[in-house]
Amino acid sequence: MVESVRVHADAAVTVSCAFSGALGSAAKIDLPFTMDVSRGDPGELRGLSRECSRAFSVGGEFHFEVVDRIPEAQGLKSSSALVLSAMIGVSRLLGAELEGEELLRLCAEASVRLGLSVTGALDDLSAIYYGGVSVTDNASNRIIFTDRMPDLPVLVVESSDRRISYSARVDEYRKMRRAWRAVENLLMRREFLEAMVIDGYLCSLIEGSDGDAISTMLLNSATHACQSGKGPAVVGVFRNEGDMERCASILESKGRRVKRSRFKNSGIWVEHI
C-alpha cells in the first residue's frame, strides 16, 4: 500500500469569471503548488479530510502538508489547487481509479460545501488538472472544451489586499450577465487573451482594480494586461522573457511583489515519496 504521495499542481488565471452565470474559463500558469498527502491527523484541514473520505467512501483521516504555496485570495486559484491536490492524492493513496471529469466534479462539489467556491470552480480545477485553458459551464458542472495556451511569459503582480470568493458581489455580476457575452464569443473563437482582458475589465468595474500595475505593464511591452478575474492580482503577458524581465524590474523598483511565470500546458502529476 502506498503510504505517502506528493502532488504537483500549479496556479491558474481567470479567462472568464463565472459569477455572472457566464461560461467559466481559466488558464494554467507555471506557479507551483505542491502537497504531500498521507494518512494521519488532518489538523486545520479536517473538513477537507472529511470531503476526501466522503468522496471515496472510506473511513480514517488524511494528512495534508503544503510544501509550495500559491499566493492566497489573489485570484490565482489557490483553493482549487488545494482541493484538487488533496482529492487526487487520496485517490492515489487508495489505489482508486477515479480520474478525469468524474474526479473534477467531486472536487467542485466539495469546494462548494467547504465554502471555498461559489460556483464549484470547475473551470479552475480542469485548467490545473489538464493544463492549458479550460472552458466550462459551471452551472451544469460540464467541461465544454480544453485547449493549449501559447508558450508565452506571464508576469503576476501580487496585491496586499485579499479577496475570497464568498466576498465577491455575486448579485452585481449577475446583473451584468449580458456584458459577458462578448467574453463568451471570444472564448468560442479561441481568442483567450482578448477574453481575459475584457473579463478583467468587467470584474474591475465591480471589485476595483490595480490600475497602476496594469498601466505599468502596458507601457512596458506587455501585449495584454489585466486583473485576474475578481483579483486582486494583476497579470501581464509578454512576447519574450527579456520584455517581461524589464517590466518586472520596473515594478519591483516601485516596491511591488511580482512572480515570473508562463502559461503551462502540462497537467497535474503525482509521485510516490
The chain - charge dipole about Cα centre, Lys and Arg +1 at Cβ, Asp and Glu -1, debye rounded to 20: 600 debye
Under the span-like rule (Cα at least 15 Å along the axis, Kyte-Doolittle mean at least -1.0), DSSP H helices of the chain: 46-56, 78-94, 100-113, 192-207, 241-253
Under-5 Å amide H pairs with Gly132, H placed in peptide plane, nonlocal only: Lys28, Met149, Lys264, Asn265, Ser266
Extended-chain gain in nm, criterion 0.36 nm per residue less alpha-carbon gap, Glu44 and Asp68: 6.9 nm
Rounded to the nearest 20 debye, dipole of the stretch 153-262 from Cβ charges on Lys, Arg, Asp, Glu: 300 debye
Ellipsoid semi-axes in whole angstrom, largest first, where each is sqrt(5λ) of the Cα gyration tensor of the chain: 30, 21, 16
Long-range amide H partners of Asn138 with built H, under 5 Å: Gly24
Spatial separation of Cα centroids for the stretch 170-199 and the stretch 132-153, in angstrom: 14 Å
Virtual spin-label span in nm between Glu184 and Trp269, 7 Å along Cα→Cβ: 3.7 nm
Dipole-positive endmost among Ser249, Ile214, Ala195 within the stretch 181-273 (Cβ charges, Cα centre): Ser249
The stretch 168-250 - Debye-derived log10 I(q)/I(0), Cα point model, q = 0.13, 0.17, 0.23, 0.25 Å⁻¹: -0.43, -0.70, -1.06, -1.16
Cβ-Cβ FRET estimate between Phe56 and Val118, R0 fixed at 30 Å, reported to 0.05: 0.75
Distance (nanometres) between label positions extended 7 Å along Cα→Cβ at Thr34 and Glu97: 3.2 nm
Reciprocal of mean inverse Cα separation for the stretch 60-115 (Kirkwood radius, Å): 12.2 Å
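Throughout, read-outs are computed from the coordinates displayed, never taken from laboratory work. Everything numeric in this text was worked out from a predicted model, so none of it was measured. Don't worry about glycine lacking a Cβ; one is built from the backbone with ideal geometry, like all the others, and counts go over all protein chains shown.
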